[in-house]
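Taken together, the values in this text are just the output of simple stated rules run on the coordinates, not laboratory data. Computed from a predicted structure; not experimentally measured. Note that we place each Cβ from the backbone using ideal geometry, even for glycine, and neighbour counts take in every protein chain shown.
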Amino acid sequence: MIDTNASKSPDGNPAPQPVRWASERFNRWLTLAANLGVLLGLIVLIFEVRQNAALSRIGLEAERAAAQARYEQHIANPDMAEVWMKAVYTPEDLTPSELRTFDGIMVAGVMTWEHLMTMRDGGLVDDRRVRLHIQNNAPFYFGFALAKNWWRENAIGWQGSELYLMADPIVQNVDENFLVTYYEGLRTGITPRDIADLGDKASKFTLTDLPREPVAAGIIRQYVTGVESTFSRWEIAAGGVVPMHSHYNEQVTLLLSGAAEVVSGDQRVSLAAGDMLVLPPNAPHAYTFTEDSIVIEFFAPRRQDWINAETSGEEQ
C-alpha cells in the first residue's frame, strides 16, 4: 500500500523538500567556493613568499659581493698592502700600530663570512654554500703563519658559535705557506703545477711546499702535474666521502694510512693501509673513508680538468 502521508507536513500540507535540497546544495557550492578561494590565496601567498625570498637572496648576495670587493680594495690600498705583505713575509717586523691594523683587516675578512652565515640563518642559503665559500676563501685569508696564529688567539671570542664550528676545521687545515707560494707563483709565472712547458729539464719539488687545498669538508689535496701524468696526496678525515664519478685518466691509488671502502660498478673493495687499487679509464668509482687517511694517487694522462678549473678560478 502507498503511504499517501509521506510527502505531507503534519498539518496536511505538502512538505517543502525541494526547497530545502536546493538550499543545501547552494550552501555546499558556497562552501566549496570558499575553500577554493582559501586554497588560491595560499598558493598566491606561497608564490609571493618565494619571490620575496629570491629577491632578498639576490639583494643580500649583491651586498655580500660588494662587501667582499670593498675588503679587497681596502687591503690593496698601499698602506694596507704594506702591512699585509709584512704580515705574510716578515711578521716579526710589524710595529704595534701595524699589528693593530692587521687585526682590523682580519676582523673585516671574517665578517664577510658572518654575513653569509646571517643569510643561512634566514634560510636564503644552505650550509653547503657557506662551507664552500669559507673553503675557497680560507687559504687567501689564513694561508700564512701570523693569520693562523691570529685565528687561534681570537678563538675565545666565538668558540661554540656556528661559524667557528664550521670554519675552524677548514682554517686549521690551511697550509701556512700557501700565500708565499701563491705570490711567488704570480711573480714568476711558474707554480708547482705549471711544468708542462719546461722542456726536457728535471723539476724538483718538495711535498710540504705544494699548496694544500680544501676541496670538500675534511678533504685536503696537494698535487703536482707533469706533461703526461699527475701525482696527488690527500688527507681525508674519517667519514669523508668522494662521491661516484669517473674520468678518462687511469688511476692508481695507494692508501698510506687509514681505511676506506670503494665502490666501482658492481665491485665493493675494502682498502687498508698499504693496499693499492688500479682503476681503468672511465670506470665509475666512489670512496668512503672509515678512518683518518693519507692517500697517494697517480693519474695518466694528467688531470687536465684540475688544471683548467684552477686556471679559470672555478670551484672544483
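Counted by Cβ distance under 11 Å from G258, the other residues give a net charge of -4, where Lys and Arg count +1 and Asp and Glu count -1.
Rounded to 0.05, the FRET efficiency of the D79 and D305 pair, given R0 = 30 Å and the Cβ-Cβ distance, is 0.15.
The S229 and A272 beta-carbon pair, evaluated with R₀ = 41 Å, returns a calculated FRET efficiency of approximately 0.95. For K204 and A155, the difference between the fully extended length at 0.36 nm per residue and the C-alpha to C-alpha distance is 13.8 nm.
Across region 193-312, Cα-Cα pairs more than 22 Å apart make up 34 percent of the total.
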